[in-house]
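Asker: The structure that follows is given in the form of structure tokens.
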Amino acid sequence: MISVRLRVNGSEHRRDIEPRLLLVHFLREVCGLTGTHVGCETGICGACTVLVDGSAVKACTLLAAQADGAEITTIEGLATNGHLHPMQDGFWERHGLQCGFCTPGMIMSGVQLLARNAKPTRAEIADAIRGNLCRCTGYTHIIDAIEYAAGRPATGGAR
Amino acid sequence: MSDPVKSPYIGRALKRVEDPRLVKGLATYTDDLRLPGLLHVCFLRSPHAHARVDRIDTSAARTLPGVVAVLTGADVNEHCGIVPCAAEIPDLKSPRHTVLAGDRVYFVGHPVAVAIAADPYVARDAIDAIEVDYDPLPVVVDPEEAIKAGAPLTHPDLGTNIAFTHHVTGGTDIDDAFRRADKIVKERMVHQRLTPMPIEPRAVVASYHRGDGTLTIWSSTQVPHLVRTLLPGMIAIAENKLRIVAPEVGGGFGAKLQVYAEEALCGHLAMRLGAPVKWIESRRENAAATIHGRDQIGEYEVAVKNDGTILGLKARTVADLGSYCQLLTPAIPTLTGLVLTGCYRIPAIKVDLVGVYTNKMATDAYRGAGRPEATYLIERLMDIVAREVGIDRVELRSKHFPAVADFPFQTACGVTYDSGNYQGTLAKARQLADWDQLVVQRANARAAGRLSGIGMSTYVEICAMGPSKAMPAGGWEWGCVRIEISGKVTAITGVSPHGQGQETSLAQIVADRLGVLIDDVVVLHGDTGVAHYGRDTYGSRGTALGGSALVMCIDKIVAKATTLVAHLLGVTADRVVFADGRFSAPGVERRLSWAELAGEAFIAKNLPPGLEPGLEASSFFEPANFTFPFGTHIVAVDVDRETGKVTINKYVAVDDCGIRINPLLIEGQVQGGIAHSLGQVLFERTVYDENGQLLTGEFMDYAIARAGDIPDYIMGSTVTPSPVNPLGVKGVGEAGTIGATPAIANAVIDALQPLGVRHLDLPLTPERVWRAIQQHSPVAV
């Protein structure tokens, strides 16, 4: 067992864990944050995407131990004071989801995109989410959703 | 807080009531369930396509710390019955499909043993510690080779690889049609095997309550009611002691329209071990051991006159079933024969189908299930016929459309199309595509030496499945509506949405019919403890049939409320008026809301004689026929001569799915369906090598569409109500997948036509297209 300390959505989690424990399982099983999903375990589908120190990372390809000391944001950490993050609002407004399984990862990738490019083109959005697979929507409404979120303030405002 | 959205709701692009929990990460999928003492299940699966299992040694696995049990077929098969097939196929030869392999394995991914441990990582360790001695046997991979004399056998005990043959003739005399033809146009087409790949793999949690002997199974399934009906035939539990819950389900596309071995086995393990168990499928397992789709090879012949009149159509099809019959496996290729003639008057048909076992995963219902195959082949054939006969392909299609007045229209395939306006969708699509301009642009591009093509499909499909007489086990749908004592409305549906958004679209229907705010309506589904009966979600049936059952419930409630209102207002029932959610009578000042009426009905101190308390009704809706949505898709592409890469420049989709409840959700369904087609046409293909090894076992090897692959859409609609249900809804879940595949394929072939390319099988990968360009180009220097 090894000791790790992660800040997840602002709360500190110190645990003794098995070295082989994946970050996604740390978040789901240790922290109880089941909004981060597992779709492939090979880093391709992107359903497990979270922010690690502000960068979008696939939590199924990182050991929790590798994230020791990091600041993690998951889908549960986006809404503030009961207000949806503009990206969450955009997915709702523009029908950017159907079954919803890929959605948390898709939203986290969208959040990271807007952090480095506040007004992306549709082609840039499509490129930014090429590491996130969706089998339901056909992506057009997802691109609409990220476009909707672009330029909207990241706190308050939304419902 | 903004003001609540007011009625009418039907026809409006309302955003979904499902979404807040989903975008917040607060939805509960099967893997998100937490039960005290939960054990984790992991399967050992065969690495061989066909082998004898000589020895399984679980001793090392069983001694690992944390391992609860390691079991093989010898331990569990006698307790778990046979994986069911509900297809009604006469003289079907079907192998005995036990939950774990016996002394042989028949496909890569065939489950051989199961380990149960307190920790999921330890369960995997246990699987790795099991030793199996396999003795490889001859493998059957190619279904056409498999039906030749002397071919190795998938299941040697069956004595043949042929599961069934199916012969249909319909309409006028087929031989006469071919005798009278000026020309017989022939083509061979391969409809490749596909992997559905929902992003959530399968998942099962089972929990047995020893005290009352009840078993609850949560499963990522499209069909909780079918599972509840069929599992008691497999494991030792009575139907009325079994509750199946489909919690949040992360996509299905037919892959979860099944009763799987793993569901039965998890139920058995929960009872056997006295502890709740969870199994989460890995992506590799999902690719290898969840059903595949399509996989038909056909030789097709069209009898045609010189003026383009089509007299008849023959299909000889070999369908690759894989190694076992899952729930509907052998029925799927027979569905192809039901819409073989597409939206055309083709007076005579003949279908000869042979279903073949091979050492691969079973094929079954994948989005469209038999109809995409039919649409693809008839739409490819229309293009080929037009070219061979020298008639414009739009004119050829148009010439064979039944007119609006011809509906209900009986086809040579033996089905009756409910309603249609094929010229209407064609005209609208041509207008939206600016067809004449597209043709000019293509001519200019070709003159400049580019490979430019236009494709179209005019499709019809079968939805709202279906009339019970035509379904294996009941095609009706059930619903229940209750006006709660508070006036809030609870609607319970027997359909089981998993992304389609029926918590929203059904609430729109209920709120409009009752005249209440949509915020006051909750739609429940997917739990057999709540939705007692149902036939679940597949075949684009949810809104048409689930919605119609709710309409029947509301009609009963309004009738009962009318009796109660007449009593309360002191008038005769025929004077009671119901409008905008209020009951009144001319000349009486008092008006009654649903909340007031529900209070009277449930408190029940002042009911008319003979009226039962409560304000609730349930109904079974039995459809008189299937529905037949239709549409026209038009696609313009460029093909890069140097690389073979296809670029879609324009995509126009005009779909008629009858009355439109929520246009936003319809758009999402169509776009999602087109993305499956785009993948099928351009890159998707499930590949087994000559040893039966699955080469497309991951997202790394099986390419589904990504965001950058999607074109901009121009989307349109026409509205031709269905006469076979009270909502006039037809269904739209599979339309995109059915209409788009031939439209995109026809565009690519049209681009290659100047080189002399007549047909290419899918997928039209850059390599396949490039090779075709090389073969058909003048010899290079």
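Listed here are the residues, each with its yes/no results for (1) closer than 14 Å to B:Val637 by Cα; (2) in a helix (DSSP H, G or I); (3) of a type in the set (A, V, I, L, M, F, W, C).
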position: B:Met700; (1), (2), (3): no, no, yes
position: B:Ile714; (1), (2), (3): no, no, yes
position: B:Pro723; (1), (2), (3): no, no, no
position: B:Gly739; (1), (2), (3): no, yes, no
position: B:Val748; (1), (2), (3): yes, yes, yes
position: B:Leu762; (1), (2), (3): no, no, yes
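Asker: Can you find even one residue in segment A:125-132 that is at the interface with chain B (Cβ under 7 Å from one of its Cβ atoms) and in a helix (DSSP H, G or I)? I'd like the intermediate steps shown before the answer.
Answerer: Step one: of segment A:125-132, the residues at the interface with chain B (Cβ under 7 Å from one of its Cβ atoms) are A:126-127, A:129-130.
Subsequent filtering for residues that are in a helix (DSSP H, G or I) retains A:126-127.
Within segment A:125-132, one or more residues are at the interface with chain B (Cβ under 7 Å from one of its Cβ atoms) and in a helix (DSSP H, G or I).
Asker: Contact list please: Cβ distance under 8 Å, first residue in segment B:762-775 and of a type outside the set (Val, Ile, Thr), second residue surrounded by fewer than 21 Cβ atoms within 10 Å (Cβ to Cβ) and part of a helix (DSSP H, G or I), pairs at least six apart or on different chains.
Answerer: B:Ala772/B:Leu755
Asker: Does segment B:48-56 include one or more residues that are surrounded by fewer than 16 Cβ atoms within 10 Å (Cβ to Cβ), assigned to a helix (DSSP H, G or I) and either of a type in the set (Gly, Ala, Ser) or out of contact with any Gly (no Cβ under 7 Å at 6 or more places or on another chain) (or both)? First the steps, then the outcome.
Answerer: Of segment B:48-56, the ones surrounded by fewer than 16 Cβ atoms within 10 Å (Cβ to Cβ) are B:52, B:54-55.
Right, trim to assigned to a helix (DSSP H, G or I) and you get none.
No, segment B:48-56 has no match at all.
Asker: Among what's in segment B:21-35 and is assigned to a loop (DSSP other than H, G, I, E, B) and in contact (Cβ under 8 Å) with a residue 24 or more places away in the chain, pick the residue that is farthest from the other protein chains (Cβ to nearest Cβ). Lay out the reasoning, then the answer.
Answerer: Let us first name the residues in segment B:21-35 that are assigned to a loop (DSSP other than H, G, I, E, B), namely B:24-28, B:33-35.
Next, only the ones that are in contact (Cβ under 8 Å) with a residue 24 or more places away in the chain stay: B:27-28, B:33, B:35.
On the way: B:Ala27: 6, B:Thr28: 8, B:Leu33: 9, B:Leu35: 13 Å.
Looking at residues that are assigned to a loop (DSSP other than H, G, I, E, B) and in contact (Cβ under 8 Å) with a residue 24 or more places away in the chain, I get B:Leu35.
Asker: Out of all the residues in segment B:683-723, which are surrounded by 24 or more Cβ atoms within 10 Å (Cβ to Cβ), among the aliphatic types (A, V, I, L, M) and more than 22 Å from A:Ser109 (Cα to Cα)?
Answerer: Scanning segment B:683-723 gives a single hit, B:Leu694.
Asker: When you look at B:Thr290, is it surrounded by 24 or more Cβ atoms within 10 Å (Cβ to Cβ) and either of a type in the set (Asp, Glu) or within 14 Å of chain A (Cβ to nearest Cβ) (or both), yes or no? Before you say what the answer is, go through the steps one by one.
Answerer: Working: surrounded by 24 or more Cβ atoms within 10 Å (Cβ to Cβ): yes; either of a type in the set (Asp, Glu) or within 14 Å of chain A (Cβ to nearest Cβ) (or both): yes.
Criteria met by B:Thr290.
Asker: Here is a list: B:Arg387, B:Arg397, B:Arg380, B:Arg367. Which entry is at pLDDT 95 or above and in a loop (DSSP other than H, G, I, E, B)? Step through it out loud before you land on a result.
Answerer: Details: B:Arg387 fails: in a loop (DSSP other than H, G, I, E, B); B:Arg397 fails: in a loop (DSSP other than H, G, I, E, B); B:Arg380 fails: in a loop (DSSP other than H, G, I, E, B).
The conditions single out B:Arg367.
Asker: Taking interchain pairs and intrachain pairs at least six residues apart, which have beta carbon atoms under 7 angstrom, with the first residue in segment B:120-139 and in contact (Cβ under 8 Å) with a residue 12 or more places away in the chain and the second surrounded by fewer than 18 Cβ atoms within 10 Å (Cβ to Cβ) and assigned to a helix (DSSP H, G or I)?
Answerer: Listed pairs, sorted by first residue: B:Ala129/B:Ala60.
Asker: Sticking with this one: Inspect all residues belonging to segment A:11-33 and state whether any of them is hydrophobic (A, V, I, L, M, F, W, C), farther than 20 Å from B:Glu200 by Cα and touching a residue at least 60 places away in the same chain (Cβ under 8 Å). Steps first, answer last, please.
Answerer: We begin by selecting, within segment A:11-33, every residue hydrophobic (A, V, I, L, M, F, W, C); these are A:17, A:21-24, A:26-27, A:30-31, A:33.
From the residues that got through so far, the ones that are farther than 20 Å from B:Glu200 by Cα too are A:17, A:21, A:30-31.
Filter again for touching a residue at least 60 places away in the same chain (Cβ under 8 Å), leaving none.
Looking through segment A:11-33, none of the residues is hydrophobic (A, V, I, L, M, F, W, C), farther than 20 Å from B:Glu200 by Cα and touching a residue at least 60 places away in the same chain (Cβ under 8 Å).
Asker: Only residues that are among the polar types (S, T, N, Q) and either out of contact with any helix residue (DSSP H, G or I) (no Cβ under 9 Å at 6 or more places or on another chain) or at positive phi (or both): list them for segment B:176-232, please. Give the derivation first.
Answerer: To start, the set of residues in segment B:176-232 that are among the polar types (S, T, N, Q) comprises B:192, B:195, B:207, B:214, B:216, B:219-222, B:229.
The one that is among the polar types (S, T, N, Q) and either out of contact with any helix residue (DSSP H, G or I) (no Cβ under 9 Å at 6 or more places or on another chain) or at positive phi (or both): B:Gln222.
Asker: Additional query: Across segment B:432-475, what is the number of residues that are under 19 Å from B:Ile332 (Cβ atoms) and acidic (Asp, Glu)?
Answerer: 1
Asker: Identify all residues within segment B:226-265 that are within 14 Å of another protein chain (Cβ to nearest Cβ) and either under 25 Å from B:His292 (Cβ atoms) or crowded, with 24+ Cβ neighbours inside 10 Å (or both); write none if there are none. Lay out the reasoning, then the answer.
Answerer: Of segment B:226-265, the ones within 14 Å of another protein chain (Cβ to nearest Cβ) are B:246-256.
Residues satisfying the conditions are B:Ala246, B:Glu248, B:Val249, B:Gly250, B:Gly251, B:Gly252, B:Phe253, B:Gly254, B:Ala255, B:Lys256.
Asker: Only one of B:Ala491, B:Ala507 is closer than 28 Å to B:Val530 by Cα, of a type outside the set (Val, Ile, Thr) and assigned to a strand (DSSP E or B); which? Spell out how you get there, then give the answer.
Answerer: Details: B:Ala507 fails: assigned to a strand (DSSP E or B).
Among B:Ala491, B:Ala507, only B:Ala491 is closer than 28 Å to B:Val530 by Cα, of a type outside the set (Val, Ile, Thr) and assigned to a strand (DSSP E or B).
Asker: Now a separate question. Just name the residue that is modelled with the lowest pLDDT out of those in segment B:717-772 that are within 15 Å of B:Gly658 (Cβ to Cβ) and among the aliphatic types (A, V, I, L, M).
Answerer: By that ranking, first place goes to B:Ala735.
Asker: Here's another thing I want to ask about it. Do you know which of the residues in segment B:642-691 that are of a type in the set (D, E, K, R) and within 22 Å of the chain's Cα centre (by Cα) is farthest from B:Thr504 (Cα to Cα)?
Answerer: If we take residues in segment B:642-691 being of a type in the set (D, E, K, R) and within 22 Å of the chain's Cα centre (by Cα), then B:Arg685 is farthest from B:Thr504 (Cα to Cα).
The values are calculated or read from the model by the stated rules, or taken from the named source; none is laboratory data. Quantities reported herein were computed from a predicted structural model and do not represent experimental measurements. No Cβ is skipped: glycine too gets one built from the backbone with ideal geometry, and neighbour counts run over all protein chains shown.
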